[in-house]
Ligand code: CP
Ligand code: NVA
């Protein structure tokens, strides 16, 4: 049984196999209607629970559609409406759900909640985002980068802004897929030192620059995310905006990257905050391909977890 809890906890060969399978499955669908099942339905007869303790558009819809395209059935559950939100433990929830369903995808707050679910479930558990990481997103982003620009190994990625959960998964991916990552942002929002250490331990170059234009020089891709994540307190909003404004991805910053550098963002975005609409809608942006590829990457992740 394979959980998919984080990119640094999954072997490079399994990660590569999932990326390649995602691309093959995407190609195989050609122009089929979105609601039509795939030619092969390897998850036929499987039941999948998608649990959300935080809001979601992409993760929720792409998992649901992807599972159905492969023949599975799904149920989308809100943490608040489950006994989980009213005092039942994660461990007991995991034990109970394991009697009904074949796989659990969980979006939650603390990473410890996800790990407890995985420890006590007897079915695979997928990380649909925690305060600490967002591995499904970065698998989709690797599919996206490679379909536009070829192998990601050896490239220079620049992360501008908050060193948050998505940034940590990029650092894990840098280590596992062999690319470099330069972080630029205020010191108080530096990335998780454990994620930086992981990438470096695998031979990736991780640099930190306070000057965003210096950081962006020669980038193959410039990546950002919201300045205030779902787990950040509302009281931090104004301070974060003031700290992060110099790290907005705009035309000047894109101009420091390579001429064919991509602009990436997991979405949802706050237009003209972390990135200008000019960049988001410009020719270097692949943000909606990233959203589309959530579907294909997660189909490969589901097959990996279910051994199908
Ligand atoms: N990128 C992402 O995970 O989006 P949602 O929050 O809409 O799922
Ligand atoms: N960093 C963001 C990502 C949303 C997909 C958050 O956690 O809110």
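Does residue 228 qualify as being in contact with a strand residue (DSSP E or B) (Cβ under 6 Å, 6 or more places away or on another chain), within 30 Å of residue 63 (Cβ to Cβ) and crowded, with 19+ Cβ neighbours inside 10 Å? Before the answer, list the steps.
Working: in contact with a strand residue (DSSP E or B) (Cβ under 6 Å, 6 or more places away or on another chain): no; within 30 Å of residue 63 (Cβ to Cβ): yes; crowded, with 19+ Cβ neighbours inside 10 Å: yes.
No; evaluated as a whole, the condition is false for this residue.
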### Message
Go through region 262-296 and report how many residues are touching a helix residue (DSSP H, G or I) at 6+ places or on another chain (Cβ under 7 Å), touching a residue at least 60 places away in the same chain (Cβ under 8 Å), within 13 Å of ligand 1 (Cβ to nearest atom) and part of a loop (DSSP other than H, G, I, E, B).
### Response
2
### Query
Quick one: would you say residue 188 is in contact with a strand residue (DSSP E or B) (Cβ under 6 Å, 6 or more places away or on another chain), in contact (Cβ under 8 Å) with a residue 40 or more places away in the chain and more than 16 Å from ligand 2 (Cβ to nearest atom)?
no
### Query
Right, residue 188: over 22 Å from residue 301 (Cβ atoms) and surrounded by 13 or more Cβ atoms within 10 Å (Cβ to Cβ) or not?
no
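Suppose we keep only residues that are part of a helix (DSSP H, G or I) and surrounded by 21 or more Cβ atoms within 10 Å (Cβ to Cβ) within region 49-89. Which one would you say is nearest to ligand 2 (Cβ to nearest atom)?
Taking region 49-89 first, the residues part of a helix (DSSP H, G or I) are 58-69, 79-81, 83-86.
When the remaining residues are screened for being surrounded by 21 or more Cβ atoms within 10 Å (Cβ to Cβ), the result is 59, 62-63, 66-67, 69, 84.
Values: 59: 7, 62: 12, 63: 13, 66: 17, 67: 20, 69: 22, 84: 20 Å.
Checking each candidate, the answer is 59.
This table checks each residue for (1) more than 16 Å from residue 120 (Cβ to Cβ); (2) away from ligand 1 (no atom under 16 Å from the Cβ).
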| residue | (1), (2) |
| --- | --- |
| 51 | no, no |
| 54 | yes, no |
| 67 | yes, no |
| 74 | yes, no |
| 80 | yes, yes |
| 92 | no, yes |
| 100 | no, yes |
| 106 | no, no |
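Only one residue in 240, 303, 271 is closer than 17 Å to residue 188 by Cβ, at pLDDT 95 or above and more than 14 Å from the chain's Cα centre (by Cα). Which one? Give the steps one after another, and end with the answer.
Working: 303 fails: closer than 17 Å to residue 188 by Cβ; 271 fails: closer than 17 Å to residue 188 by Cβ.
Checking each option against the conditions leaves just 240.
The values are calculated or read from the model by the stated rules, or taken from the named source; none is laboratory data. These numbers come from a predicted model, not from an experiment. Don't worry about glycine lacking a Cβ; one is built from the backbone with ideal geometry, like all the others, and counts go over all protein chains shown.
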